1. Just a yes or no: is a residue in the stretch 64-82 assigned to a helix (DSSP H, G or I), touching a helix residue (DSSP H, G or I) at 6+ places or on another chain (Cβ under 6 Å) and of a type in the set (F, W, Y)?
2. Check whether at least one residue in the stretch 159-169 is surrounded by fewer than 19 Cβ atoms within 10 Å (Cβ to Cβ), at pLDDT 95 or above and of a type in the set (A, V, I, L, M, F, W, C), and report yes or no.
3. From L187, L224, which residue is over 27 Å from P79 (Cα atoms), of a type in the set (A, V, I, L, M) and free of Cβ contacts under 8 Å to residues at least 12 places away in the same chain?
4. Given the criteria surrounded by 13 or more Cβ atoms within 10 Å (Cβ to Cβ) and either in a helix (DSSP H, G or I) or in contact with a strand residue (DSSP E or B) (Cβ under 9 Å, 6 or more places away or on another chain) (or both), does A97 qualify?
5. Considering only residues that are out of contact with any Leu (no Cβ under 7 Å at 6 or more places or on another chain), part of a helix (DSSP H, G or I) and among the aliphatic types (A, V, I, L, M), which ones fall in the stretch 123-174?
6. For the list (1) free of Cβ contacts under 8 Å to residues at least 24 places away in the same chain; (2) within 21 Å of the chain's Cα centre (by Cα); (3) loosely packed, with under 14 Cβ neighbours inside 10 Å, I need the number of the one condition that L197 fails.
7. Checking N147 against (1) farther than 17 Å from L86 by Cβ; (2) at pLDDT below 95; (3) polar (S, T, N, Q), which test does it fail?
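The values are calculated or read from the model by the stated rules, or taken from the named source; none is laboratory data. Just so it is clear, the model here is predicted, and its values are computed rather than measured. Here the Cβ positions follow ideal geometry from the backbone for every residue, glycine too, while neighbour counts run over all protein chains shown.
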Amino acid sequence: MKDNGYKNLWVMSGIVLALMLALSFWGWNQIPAGAEVPVHFDINGNPDRYGSPFWAMFSIPIVTLFVVLLIAFIPVLEPRKENLKLSGRAYKVTWGALLLFMGGLHATLLLATLQIGRPDLINVFLPLGMGGLFIVLGNMMGKVRSNFMFGIRTPWTLSSELSWNKTHRLGGRMMMGIGLLTVLTALFLPMSWVIGLMTAGLFLMLIVTLVYSWMIYKDDPEVLQA
């Protein structure tokens, strides 16, 4: 964690979390004492459950804090530390992208809870935010070296460098395609269709990369010679 890139990410994490908390306290002060507010929204962005203002204002910052701590401590737990170190750029970009996505999600949900701005703001942010996140993560996937904590981990990618590298290149392209599809379909399809297509794409990616990793593994010359 002495790397300057990680230091910068810790600073960025602190700034984003501080902004999220400041927005939460601001939102808290807008809610009348004893009032219940929307804490969950349906697929069309309409509130379908009401509850405590504390949950509405502070749940996402709390989840974000745990996500940051988890990502930060993965290098401590990872057995293949050298490979994770070689994946440093992809790891840092993933950390930053997740952090920004959580910050945007928090702001969007808070404004929706307070009924400020466009009523369909959630339906605008979610496909654009998730699609953009998939595009960024997919672009980084081919740069990840074999490890147990970060990437497409199947029994075959973890046992074969060839399977790991080829599976991640394929998986990265598929994830970028899913991200692009999510963004584009959000322009002219209902949210239920967008979420359905994204979910189907992720399921297809899971099946394809699982089978593909096994196919590459069984023909890997290094595995056959072992």
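1. no
2. Yes; the residues of the stretch 159-169 include at least one that is surrounded by fewer than 19 Cβ atoms within 10 Å (Cβ to Cβ), at pLDDT 95 or above and of a type in the set (A, V, I, L, M, F, W, C).
3. Working: L224 fails: over 27 Å from P79 (Cα atoms).
It is L187.
4. Working: surrounded by 13 or more Cβ atoms within 10 Å (Cβ to Cβ): yes; either in a helix (DSSP H, G or I) or in contact with a strand residue (DSSP E or B) (Cβ under 9 Å, 6 or more places away or on another chain) (or both): yes.
For A97, the condition - surrounded by 13 or more Cβ atoms within 10 Å (Cβ to Cβ) and either in a helix (DSSP H, G or I) or in contact with a strand residue (DSSP E or B) (Cβ under 9 Å, 6 or more places away or on another chain) (or both) - is met.
5. Passing the criteria: V124, L126, L128, M130, L133, V136, L137, M140, M141, L162, L170, M174.
6. If we test L197 against (1) free of Cβ contacts under 8 Å to residues at least 24 places away in the same chain; (2) within 21 Å of the chain's Cα centre (by Cα); (3) loosely packed, with under 14 Cβ neighbours inside 10 Å, just (3) comes out false.
7. (1)
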